[in-house]
Amino acid sequence: MSEIEFTADEKVVLLQKIKSYLDQELDYEIGQFDAEFLLDFFSKERR
């Protein structure tokens with residue numbers, strides 16, 4: 001399977017959602033770099 005690709009605008013929104021979710025639901029702050037790494041991981045690992 002191929003990697004999911006996002007537009008720049010989609011990526012900005014998704015990264016903010018990842019950061020917000022982790023902060024609100026898990027009380028865990030994540031930086032921009034780590035959020036991008038996580039988004040890239042999930043976009044490559046879908047099966």
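Every number in this text was worked out from the coordinates using simple rules, so none of it is lab data. Just so it is clear, the structure is predicted and the values come from calculations on it, not from any experiment. Virtual Cβ from ideal backbone geometry, glycine too; neighbours counted across all protein chains shown.
Contact list please: Cβ distance under 7 Å, first residue in region 24-47 and polar (S, T, N, Q), second residue in a helix (DSSP H, G or I), pairs at least six apart or on different chains.
Pairs that qualify, where the first residue is polar (S, T, N, Q) and the partner is in a helix (DSSP H, G or I), are Gln32/Leu15.
Checking the structure you have, find out if any residue of region 4-13 is of a type in the set (A, V, I, L, M) and surrounded by 15 or more Cβ atoms within 10 Å (Cβ to Cβ).
No: region 4-13 contains no residue that is of a type in the set (A, V, I, L, M) and surrounded by 15 or more Cβ atoms within 10 Å (Cβ to Cβ).
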